[in-house]
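Quick note: the coordinates plus some simple rules give every number you see, no bench work behind them. For clarity, every value in this text was computed on a predicted model and none was experimentally measured. Cβ atoms come from the backbone with ideal geometry, glycine included; neighbour counts cover every protein chain shown.
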Amino acid sequence: MTKLTVTMPSDTEIRMERTFDAPKRLLIEAMSTPELIARWLGGKRGTVKVAAFDYRVGGAYRYEFKTHEGYEFSFSGTFETISDDTIVYTEAFNDMPGPAIVTTTYREAGGITTMTVTSRFPSKEVRDMVAGTGMAEGAGESYDLLADLVRGMK
């Protein structure tokens with residue numbers, strides 16, 4: 001399948017797109033089940049703990065990461081929208097103010113699903129800071145593991 005494509009469609013957005021050889025129901029299951037999230041999120045750079053995960057509109061989540069080098073950080077937020085093909089949530093890094101709004105959409109055709117993740121940040125400066133962290137490489141590694149996981153779930 002295609003590897004991750006990363007673009008910046010506006011001064012405050014980062015968009016990532018990846019196609020998976022799996023139906024969207026398996027992707028959504030892998031992205032909404034804490035035990036499965038821990039198997040792919042974070043790539044191979046360390047470990048992730050799903051510290052909180054209340055998958056419903058208004059529910060909160062928190063992922064705690066620890067790299068192999070010992071660096072620790074977290075992402076947390078709340079679910080704003082959950083539907084059959086769109087999930088919208090807030091995302092704060094290390095509990096910093098001004099979270100991003102992340103919209104994930106799924107388009108399925110013939111058992112192949114294209115997932116598009118658009119993160120909208122409070123400013124261009126925040127977007128550029130996030131882009132400079134290596135997030136695209138980390139997301140690419142995570143989505144490679146996600147592709148392997150859903151392939152095994154078929």
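Does GLU72 count as among the acidic types (Asp, Glu) and over 17 Å from THR33 (Cα atoms)?
yes
Restricting the first residue to segment 43-69 and requiring it to be in contact (Cβ under 8 Å) with a residue 24 or more places away in the chain and among the aliphatic types (A, V, I, L, M), which pairs with a second residue that is in a loop (DSSP other than H, G, I, E, B) and surrounded by fewer than 16 Cβ atoms within 10 Å (Cβ to Cβ) meet a Cβ separation below 9 Å and a spacing of at least six or different chains?
ALA52/GLY59
Tell me yes or no: at least one residue of segment 102-118 is over 15 Å from GLU17 (Cα atoms) and either surrounded by 16 or more Cβ atoms within 10 Å (Cβ to Cβ) or under 15 Å from the mean Cα position of the chain (by Cα) (or both).
No: zero hits.
Looking at ALA92, ALA139, which is the one that is closer than 18 Å to ILE28 by Cβ, of a type outside the set (Val, Ile, Thr), surrounded by 15 or more Cβ atoms within 10 Å (Cβ to Cβ) and out of contact with any Asp or Glu (no Cβ under 6 Å at 6 or more places or on another chain)?
The match here is ALA139.
Would you be able to say whether some residue in segment 25-42 is in contact (Cβ under 8 Å) with a residue 12 or more places away in the chain, in a strand (DSSP E or B) and touching a Lys or Arg at 6+ places or on another chain (Cβ under 8 Å)?
No, that holds for no residue.
Name every residue in segment 1-51 that is more than 13 Å from the chain's Cα centre (by Cα), of a type in the set (Gly, Ala, Ser) and surrounded by 14 or more Cβ atoms within 10 Å (Cβ to Cβ), in order of residue number.
Scanning segment 1-51 gives ALA22, GLY46.
Within segment 11-24, track down each residue that is touching a helix residue (DSSP H, G or I) at 6+ places or on another chain (Cβ under 6 Å), of a type in the set (D, E, K, R) and assigned to a strand (DSSP E or B).
Across segment 11-24, the qualifying residue is only ARG18.
Farther than 22 Å from PRO122 by Cβ and either touching a Lys or Arg at 6+ places or on another chain (Cβ under 7 Å) or without any contact (Cβ under 8 Å) to a residue 12 or more places away in the chain (or both): does that describe ASP21?
Taking the combined requirement at face value, the residue satisfies it.
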